[in-house]
Amino acid sequence: MPTDVVLPCLNEAAALPWILARIPPGFRPIIADNGSDDGSAEIAERLGAAVVHVPQRGFGAACHGGLLAATSEVICFMDADGSLDPSYLPMVAGPVQAGAADLVLGCRRPAGRGAWPLHARLGNRALASSVCRRTGVRLHDLGPMRAARRADLEQLCLADRRFGYPLEMVLRAAQAGWRLAERDVPYHPRTGKSKVTGTVGGTLRTVKDMRRILAS
């Protein structure tokens, strides 16, 4: 059975052809469409991807909708904006598939001018440091490319449906005694206009959601 890859999606029509063309053998893309009005879902279906429609708005809602639609033993997550190369999925999923780790995060390394704005890097670094202080698990990035076993993720009972979802996953996994690992992955400038980390406002909203998760 192929490994499912959940791609939360909101208006990523420009990036999807490149991403879906680079999905490696043995992986099945699931586009968790969060209300796109640019034809993203239709493009994904035409290119052979599975599409699940998630009416509840929010990054976490899209991720969780994709998780519930997945069927493989190990599943991956990654952004659908062209900033991450799917060809690195086997490297991220490999330790989980081999039983050497329970959650693997792709540690982003900027590749190209404007790939990761300074304000976004600083916000991410501060959150990663907070996770380290809270859990004792040393991480360099709360990267959106990640892999874990599907049944284990379902048992975490993740509740956030906004931008706090990735952080909640890491915190709950660490508290449950999971083995966490990182693998370096290149991080490219996204395709199209950024809705989150490419803008100061988007970064602030993300950090606010994640700090809410830390506080709770």
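Values in this text are rule-based calculations from the coordinates and carry no lab data. Just so it is clear, the model here is predicted, and its values are computed rather than measured. Cβ sites come from the backbone with ideal geometry, for glycine too, and all protein chains shown count toward neighbours.
A few points about this structure:
- Least to most buried among D160, D81 (fewest other Cβ within 10 Å first): D160, D81
- Rg/Rg_ref, the range 1-61, where Rg_ref = 2.2 N^0.38 Å and atoms are Cα: 1.04
- Charges were assigned to the Cβ only: +1 to each Lys and Arg, -1 to each Asp and Glu. The resulting dipole of the chain about its Cα centre is roughly 900 debye.
- Here the average projected area of the convex hull drawn through the C-alpha atoms of the range 45-100 stands at 4.9 nm².
- Beta bridges from DSSP with both residues in the range 3-215: antiparallel share about 25 percent, rounded to the nearest 5.
- Among P55, V185, A98 - extreme Cα towards positive end, dipole of the range 3-215, charges at beta-carbon: V185
- Taking amide H positions as modeled 1.01 Å from N, with prolines and chain starts lacking one, the residues under 5 Å from Y187 and 5 or more places away or on another chain are R109, A111.
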